[in-house]
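*Asks:* Submitted below is the structure of interest, expressed as structure tokens.
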Amino acid sequence: MSFNTPKHWKWQTFESLLSEPLRNGIYKKKEFHGSGAKIVNMGELFKYPRLKEGVDMKRVELTEKELIKATLKQGDLIFARRSLTAEGAGKCSIILAIDEPTTFESSIIRARLNSQVAVPEFYYYLFNSPFGKWLLGTILRQVAVSGITGSDLARLNVPVPPIEEQQEIIKCFGNIDDKIETNCHINQSLENIAQAIFKSWFADFEPVKAKIAAREAIIAEYQEQSGKAPSPQEVAEVETQAAIVAIAGAGDIIPTEKLHTLADLFPNQLVESELGQIPEGWELKKVEEIVTRLKPKQRFTKKQVEPHGNVPVYEQGAGILLGYQNGEAGFKATPESPIFIFGDHTCVTHLSCEPFDISSNVIPLKGCDFPTIWVFQAIKDLQKFQEYRRHWSEFIIKQVFTPSFELAEFYSDLATTLAKQKEANVAENSTLIQIRDVILPQLLSGNLKL
């Protein structure tokens, strides 16, 4: 990559900017996990590129020596030392705030900069820019697993603007990243709502159980007061009202006029099945019975995509997005007709409501006999990652509870509304990221001055 920085900027080794040597994270045996200090694993590194306080993490017991040497501070940069994909190796995140002792796992490298010569946020933006990713790519080692080493990172030459210019440059991006984070938080809330409703209706069977409890209560009340049984109409009414309360408790976003119709879609009995009790009339089906596997016209490689473009290309890594291509999309997903993917080696799933393409080992799927968005929620967490190998044959024989089509469709309509809101936020974030990635190289090259 050809790139020119302003003539008055220096180039120095990354280690010359550090206040202390680079450090790999810790490895602890299983008996030390479960309590103690928080630990940043690869999942947090990728999910929270600007890590702040309040993030739930696993915990690990540390010695006094480890608490001194292997914890994180505000301003630390952390790098993914290795990754299942080349794109993930070298991923850089920044610690913006820490609320309690927090360490980091052995697959992560910590860099603690000397604040007299280097602003952490500047180097966070640098390493996440196309130019910075190219720089990290020059030290990437690809064997069975892609990775970088601390010694190579230490020797990497990086641009060093005057400290004042570093501070001015990062001011441009704070508001952009704050808006991106806000949209991500909103999308997480929308996803939480969709998942909470699905769990309540289709996993915990709360509306069904509410009907059963209400029926038993009114029968017991009548027996106690008069020794008679309530009328079928009275039983049906209390069952419906109880189901409405249970439905509203899972997420108060359903129009009032639809609550009665929805409540009637839930059975009022539980029956035995191979996997325990399920609502009467529901069935157990294998994943292969409720999905249709789609055939891709083309699978894209990293060399065939761009940082920005019209059509997203999904991969099976945790980050999902490999890049963009500007041709015709292979899969014409829409909010009304979504498509989801399954990472054969990683078990990563993702629902798309916009046209997209895929890379290797990504399997595109639609629902069969049930709405796609319902099927996605039903099966997205069924197959757990065990090791880096194919999981499809195990995945398709997993079993799920299937309700009536009408109830699945009702949920699908509700989830589609939430998905549209999420897609709008994703589109806005994509635009903001593109603006940021266009401005940053201009600032780094000196073509744009503040």
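The values are calculated or read from the model by the stated rules, or taken from the named source; none is laboratory data. All values reported here derive from a predicted model rather than from experimental measurement. As a convention, Cβ positions derive from the backbone with ideal geometry for all residues, glycine included, and neighbour counts pool all protein chains shown.
*Asks:* Quick check on my filter: what residues within segment 250-288 are within 29 Å of the chain's Cα centre (by Cα), acidic (Asp, Glu) and part of a loop (DSSP other than H, G, I, E, B)?
*Replies:* 252
*Asks:* Ok, one more. Kindly indicate whether residue 39 is in contact with a Lys or Arg (Cβ under 8 Å, 6 or more places away or on another chain), assigned by TED's automatic domain parsing to the domain that holds residue 24 and buried (at least 22 other Cβ atoms within 10 Å of the Cβ).
*Replies:* Numbers: in contact with a Lys or Arg (Cβ under 8 Å, 6 or more places away or on another chain): yes; assigned by TED's automatic domain parsing to the domain that holds residue 24: yes; buried (at least 22 other Cβ atoms within 10 Å of the Cβ): yes.
Yes.
*Asks:* Let me ask another. Output the residues belonging to segment 292-319 that are in a loop (DSSP other than H, G, I, E, B) and in contact with a Lys or Arg (Cβ under 7 Å, 6 or more places away or on another chain).
*Replies:* 294, the sole residue that qualifies.
*Asks:* Sticking with this one: Hey, does segment 285-293 have a residue that's closer than 15 Å to residue 361 by Cβ, in contact (Cβ under 8 Å) with a residue 40 or more places away in the chain and either hydrophobic (A, V, I, L, M, F, W, C) or surrounded by fewer than 14 Cβ atoms within 10 Å (Cβ to Cβ) (or both)?
*Replies:* yes
*Asks:* Report yes if residue 247 is in contact (Cβ under 8 Å) with a residue 24 or more places away in the chain and either in a helix (DSSP H, G or I) or not assigned by TED's automatic domain parsing to the domain that holds residue 380 (or both), otherwise no.
*Replies:* Answer is yes for this residue.
*Asks:* Does any residue in segment 41-67 that is closer than 17 Å to residue 178 by Cβ come within less than 6 Å, Cβ to Cβ, of a residue that is among the acidic types (Asp, Glu) six or more places away or on a different chain, and which pairs are these?
*Replies:* 53/99
*Asks:* Does residue 279 qualify as being loosely packed, with under 12 Cβ neighbours inside 10 Å and over 25 Å from residue 419 (Cα atoms)?
*Replies:* Details: loosely packed, with under 12 Cβ neighbours inside 10 Å: no; over 25 Å from residue 419 (Cα atoms): yes.
No.
*Asks:* Mind checking whether some residue in segment 214-228 is of a type outside the set (Val, Ile, Thr) and either within 18 Å of residue 407 (Cβ to Cβ) or in contact (Cβ under 8 Å) with a residue 24 or more places away in the chain (or both)? Even if it seems obvious, please write down each step before you answer.
*Replies:* First pass over segment 214-228, keeping only residues of a type outside the set (Val, Ile, Thr): 214-217, 220-228.
Next, from what is left, pick out any that are either within 18 Å of residue 407 (Cβ to Cβ) or in contact (Cβ under 8 Å) with a residue 24 or more places away in the chain (or both): 214-215.
The answer is yes, given that some residue of segment 214-228 is of a type outside the set (Val, Ile, Thr) and either within 18 Å of residue 407 (Cβ to Cβ) or in contact (Cβ under 8 Å) with a residue 24 or more places away in the chain (or both).
*Asks:* Surrounded by 14 or more Cβ atoms within 10 Å (Cβ to Cβ), closer than 30 Å to residue 429 by Cα, at pLDDT 90 or above and among the hydrophobic types (A, V, I, L, M, F, W, C), is that true of residue 305? It would help to see each step written out before you state the result.
*Replies:* Values: surrounded by 14 or more Cβ atoms within 10 Å (Cβ to Cβ): yes; closer than 30 Å to residue 429 by Cα: yes; at pLDDT 90 or above: yes; among the hydrophobic types (A, V, I, L, M, F, W, C): yes.
Considered against the rule, which asks whether it is surrounded by 14 or more Cβ atoms within 10 Å (Cβ to Cβ), closer than 30 Å to residue 429 by Cα, at pLDDT 90 or above and among the hydrophobic types (A, V, I, L, M, F, W, C), residue 305 comes out as yes.
*Asks:* From the list 193, 247, 219, 212, exactly one residue is surrounded by 14 or more Cβ atoms within 10 Å (Cβ to Cβ) and modelled with pLDDT of 95 or more. Which is it?
*Replies:* Just a single option satisfies the conditions, and that option is 212.
*Asks:* Please specify each residue of segment 179-212 satisfying the condition of being β-branched (Val, Ile, Thr) and either under 30 Å from residue 234 (Cβ atoms) or in contact with a Pro (Cβ under 9 Å, 6 or more places away or on another chain) (or both).
*Replies:* Across segment 179-212, the qualifying residues are 197, 208, 212.
One line per residue, one yes/no per condition, for (1) closer than 15 Å to residue 40 by Cβ; (2) modelled with pLDDT of 95 or more; (3) surrounded by 16 or more Cβ atoms within 10 Å (Cβ to Cβ):
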{"residue": "66", "(1), (2), (3)": "yes, no, yes"}
{"residue": "78", "(1), (2), (3)": "yes, yes, yes"}
{"residue": "89", "(1), (2), (3)": "no, no, yes"}
{"residue": "94", "(1), (2), (3)": "yes, yes, yes"}
{"residue": "109", "(1), (2), (3)": "yes, yes, yes"}
{"residue": "114", "(1), (2), (3)": "no, yes, no"}
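*Asks:* Pairs under 7 Å by beta carbon, first residue free of Cβ contacts under 8 Å to residues at least 40 places away in the same chain and buried (at least 16 other Cβ atoms within 10 Å of the Cβ) in segment 315-339, partner of a type in the set (S, T, N, Q) and outside any loop (DSSP other than H, G, I, E, B), six or more apart or different chains?
*Replies:* Correct list of pairs: 325/304; 333/352.
*Asks:* Separate question: In segment 1-36, how many residues are of a type in the set (Gly, Ala, Ser), surrounded by fewer than 16 Cβ atoms within 10 Å (Cβ to Cβ) and more than 24 Å from residue 139 (Cα to Cα)?
*Replies:* Counting residues in segment 1-36 that are of a type in the set (Gly, Ala, Ser), surrounded by fewer than 16 Cβ atoms within 10 Å (Cβ to Cβ) and more than 24 Å from residue 139 (Cα to Cα) gives 2.
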